[in-house]
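Notes to accompany the following structure.
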Amino acid sequence: MNVEHAQNHTENHAIYSAGYQCPSNIALVKYWGKKSGGVQLPANPSISWSLGDLYASTVVHAMPRENDQAFVFTLGGVSKASFEPKIASFLTKIASDCPWLIDFTLHIDSQNNFPHGTGIASSAAGFGALGLCLAHIEQLIHGAPALDGRVNNMDFWQRSSYLSRIGSGSACRSMFDKPAVWGLSEAVNGSSDLFAVPLDGEIHPDLQGWKDVVLIVDDGEKSVSSTDGHALLEAHPYAGARFGQAQKNLGLLVEAMRSGDVQRFIAIVESEALQLHSMMMTSLPYYVLMRPNTLAIIEKIWQFRESSGLPICFTLDAGANVHLLYDGKIDKTLMNFVNTTLLPYCKNGQYLCSETGKRPVAIV
Ligand code: DP6
């Protein structure tokens with residue numbers, strides 16, 4: 001990092017700006033538990049699809065430091081004090097990695113295109129977008145052409161993923177159109193605990209172009225946050241077995257995605273969702289995030305798959321909502337099933353649809 005260069009610019013009152021639209025993502029093999037020591041390192045590798053239609057749009061202007069203030073945050077142009085502690089803590093955690101931050105006040109404006117509190121991983125999209133903006137500004141300060149050059153031996157996408165990870169682990173997987181793998185795995189070339197990488201090699205056509213319908217079962221605040229949930233793995237009696245299972249599942253899922261083994265893909269994805277929730281139910285203190293309608297929807301999905309033989313499955317993140325994943329080729333039939341059979345189980349009939357496999361877009 002060329003700090004001297006950054007300071008010269010500061011004295012010149014230079015302003016650096018960047019903006020990104022960054023998708024949320026849904027994990028197929030789950031990140032649940034962090035390595036002890038280190039900042040936000042996963043206890044096991046995970047893999048996800050980005051959700052291109054559920055995104056955060058963030059613009060950052062780095063202005064010469066004003067009133068010793070590290071940042072000013074607005075949500076769609078309106079101050080939002082409740083978001084400030086998370087951003088303050090993020091900027092503190094990346095301070096030694098980004099020494100240029102000290103010279104600037106970051107004016108951050110962010111907005112999601114999906115309602116906050118629907119259980120969609122807003123932190124993944126939000127910190128993903130913020131990580132991209134900071135990596136971009138860092139390159140501008142360097143004087144390197146944007147999206148080119150390397151910082152700490154990482155390319156732009158790795159660096160964005162690296163910074164986003166420190167804000168929220170799952171955010172680091174929002175950078176790619178290909179499935180994103182975060183965490184060391186023998187099954188994936190170049191995989192790392194520090195940032196996510198796109199899955200190498202070809203994905204079978206039968207496992208491309210899938211879509212997600214997020215069935216909103218509960219739009220209230222979760223009783224236990226993901227961050228607190230991860231911490232409960234530290235003293236969890238089944239943690240070791242779960243981490244081993246996730247490693248194994250990642251290898252098997254990658255194999256299924258490359259060979260087009262849809263049945264195996266479905267079995268692993270659903271098992272991963274249930275393992276995630278079984279870890280919550282067997283933590284101390286134990287808790288349950290699924291609601292009766294979560295199970296009702298899962299049963300309807302199983303019945304429909306059994307009778308139709310169609311390529312569909314469910315997954316869950318750390319909440320009550322159900323993600324219904326399906327091959328985009330059966331869009332019409334699937335949406336008909338959602339509207340006739342699943343809608344009564346959705347809170348106020350709410351659901352959100354998204355394509356998978358879209359990458360972030362620069363908006364400034
Ligand atoms: C269940 O990334 O939200 O969605 O790193 O503490 O911010 P922090 O947690 P977070 O955890 C997400 C967990 C999950 C599974 C996953 O996305 O892999």
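The values are calculated or read from the model by the stated rules, or taken from the named source; none is laboratory data. Treat the numbers as computed from the prediction; the structure is a model and nothing was measured. Neighbour counts are summed over all protein chains in view; Cβ atoms, including those assigned to glycine, are modelled from backbone coordinates with ideal geometry. Areas reflect the complete protein model, heavy atoms only, side chains present, ligands, DNA and RNA absent. Shrake-Rupley method; radii C 1.70, N 1.55, O 1.52, S 1.80 Å.
Points to keep in mind about this one:
- Computed over the chain, the per-residue total of -39500 (n - 2.57) for DSSP H runs of n ≥ 4 gives a 222 nm mean residue ellipticity of -11000 deg cm²/dmol, rounded to 500.
- Accessible area of residue 53 in the full protein assembly, 1.4 Å probe (Å², nearest 10): 70 Å²
- Using the 1.4 Å probe convention, the accessible area of the range 44-180 works out to 35 Å² per residue with neighbouring protein chains retained.
- Taking the C-alpha atoms only, the angle from helix 239-259 to the longest principal axis of the chain is near 80 degrees.
- Cα coordinate range in the chain, projected on the principal axes (Å, largest first): 68, 43, 42
- Rounded to 10°, Cα long-axis angle of helix 262-281 versus longest principal axis of the chain: 70 degrees
- Residue 15 contributes an accessible area of around 100 Å² to the protein surface, as traced by a 1.4 Å probe with all chains present.
- When each of 35/329; 80/332; 80/300; 34/358 is checked by Cα-Cα distance, pairs over 29 Å: 35/329; 80/332; 80/300
- Whole-percent carbon and sulfur share, accessible surface of the chain, 1.4 Å: 53 percent
- Cα-based helix-to-principal-axis angle, 292-308 vs the chain, degrees rounded to 10: 60 degrees
- Across 112, 189, 152, mean-square fluctuation computed from a Gaussian network of the chain (C-alpha pairs under 10 Å connected) peaks at 152.
- Within the shell of other residues whose beta carbon sits under 10 angstrom from the beta carbon of residue 29, the net charge comes to +1, with Lys and Arg scored +1 and Asp and Glu -1.
- In a reduced charge model with +1 at each Lys and Arg Cβ and -1 at each Asp and Glu Cβ, the chain shows a dipole moment near 580 debye about its Cα centre.
- Accessible area of the range 216-300 divided out per residue, in Å², using a probe of 1.4 angstrom: 48 Å²
- DSSP beta bridge pairing in the chain, given as percent antiparallel to the nearest 5: 90 percent
- Measuring between their Cα centroids, the range 252-272 and the range 60-97 lie 41 Å from each other.
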